[in-house]
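Single-structure report; data block below.
The values are calculated or read from the model by the stated rules, or taken from the named source; none is laboratory data. Because the structure is predicted, anything quoted here is derived from the model rather than measured. Cβ: placed from backbone, ideal geometry, glycine included. Neighbour counts: every protein chain shown.
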Amino acid sequence: MKRRDFLKRAGAGMAVAAMPGLSLARTDTDARFVLVILRGAVDGLAMCAPYGDRNYAGLRGELALDGSSLGKLDGIFGLHPAFKTLHQSYEQREALVVHAVASPYRERSHFDGQDVLENGGANVGRLRDGWLNRALVPLGGSLGNETAIAMAQNTPLVLRGDASVTSWAPSQLPDTSDSTIDRLADLYADDEFFAIRLQQALKSQSIADSVDGMNEQRRRPNDAQFVRTMMSSTANFLKADDGPRIAVVEAGGWDTHANQGAATGQLANRFTALDAGLDELKRQLGDAWSNTVVAVVTEFGRTARVNGTRGTDHGTATAAVLVGGAINGGKVVSDWPGLRNGDLYEGRDLAATTDLRSVFKTILTEHLDVDAAYVEREVFPDSSSARALDGLILT
């Protein structure tokens, strides 16, 4: 049997056979964590609308959502109507929202905001590696035995650092021929690094090839199908017996300066795709969902008022979503600052009352069992004011 045929058969139905001397990961925990980064700055006032704030409708103008259309969470907040399955997860106590949340960054540059979000420091350029990579060190993992995977062409900053990680992304290129793979295997036979990486790439592709619709996605990619495919692929990696337990997924296109829309429109379409992707992740993870936490975050929020092109500009605080079988959900976590003019940050943005690092610290210590002292010292240095939050994770 040729190597490609072996790998394809091994990957079918996720009955992945381990290659000699290679496993994607072995960890001491069955806990799974998926970090979803929505790049472009998501409008948190649209994602989770504070319909019960008496200043909301007047402030938002044409972007205000009718309270009757929202997925009500409590007497103040409601999810955008596109989040139908996420709302079901909330009602099942498997999802919660952290509102008025932000990283320490207070300017409005995408590049700098993403840098602070991912490096875990208090300032731009403060750290050159990522907070999640630093958190991997006590979890173990090595070359060919990685604990975390980046579902991207390039490893994002949050996963860069001393700890070895792996990556995967769908390719638009034709499959490599068997003869080429054989020649590469011979070429790399005496080089441990490249030999392991080649075997790992082949095994990763065998896992990804088992995803329904993968070939269709390669032929005719679109935003909604891409999100579902990436989430389905993520699930296949995380539920493999020797697969990684941590994944980072990226989705761009959230910079809604013009024609943002309210209940319908471009932002609503992206919310619909995200909702379907999260539902696909849950469905594909199966039993592993019960021990999974998914954190959906963005670099900063958007202005509270609509701009002259019927959109929103770069802002400050936003909303983050936690979903998964390990979440103690069914609640909105927020020290709500209010939407009066005097309550807005610099007179234009939702004010931040919760540090996003507090959310990450909680996930690391209570879900992944990373030592709290290590988290404070190495993962999020200079963050003593950002304390872990109680009651987010089932214990």
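Below, the figures for the structure above:
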{"quantity": "Hits in region 347-357 - residues which are in contact (Cβ under 8 Å) with a residue 12 or more places away in the chain, surrounded by fewer than 22 Cβ atoms within 10 Å (Cβ to Cβ) and either part of a loop (DSSP other than H, G, I, E, B) or not polar (S, T, N, Q) (or both)", "calculated": "Arg348, Ala351, Thr353, Asp355"}
{"quantity": "Region 66-90 - residue that is closer than 17 Å to Asn328 by Cα and aliphatic (A, V, I, L, M) and, of those, surrounded by the fewest Cβ atoms within 10 Å (Cβ to Cβ)", "calculated": "Leu73"}
{"quantity": "Residues within region 167-193 that are over 16 Å from the mean Cα position of the chain (by Cα) and either under 26 Å from Ala235 (Cα atoms) or modelled with pLDDT of 90 or more (or both), tallied", "calculated": "7"}
{"quantity": "Selection within region 238-263 - under 14 Å from Val42 (Cβ atoms) and acidic (Asp, Glu)", "calculated": "Glu250, Asp255"}
{"quantity": "Some residue of region 227-241 being charged (D, E, K, R), modelled with pLDDT under 90 and buried (at least 16 other Cβ atoms within 10 Å of the Cβ)", "calculated": "yes"}
{"quantity": "Residue in region 363-370 that is in contact with a helix residue (DSSP H, G or I) (Cβ under 6 Å, 6 or more places away or on another chain) and either among the polar types (S, T, N, Q) or over 22 Å from Val97 (Cα atoms) (or both) present", "calculated": "yes"}
{"quantity": "Scan of region 328-364 for residues that are of a type outside the set (Asp, Glu) and either under 18 Å from the mean Cα position of the chain (by Cα) or at pLDDT below 95 (or both), ordered by number", "calculated": "Gly329, Leu356, Arg357, Ser358, Val359, Phe360, Lys361, Thr362, Ile363, Leu364"}
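Per-residue answers, yes or no, for (1) buried (at least 19 other Cβ atoms within 10 Å of the Cβ); (2) of a type outside the set (Asp, Glu); (3) part of a helix (DSSP H, G or I):
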site	(1), (2), (3)
Asp335	no, no, no
Gly338	no, yes, no
Val359	yes, yes, yes
Ile363	yes, yes, yes
Val375	yes, yes, yes
Ser385	no, yes, no
Asp390	no, no, no
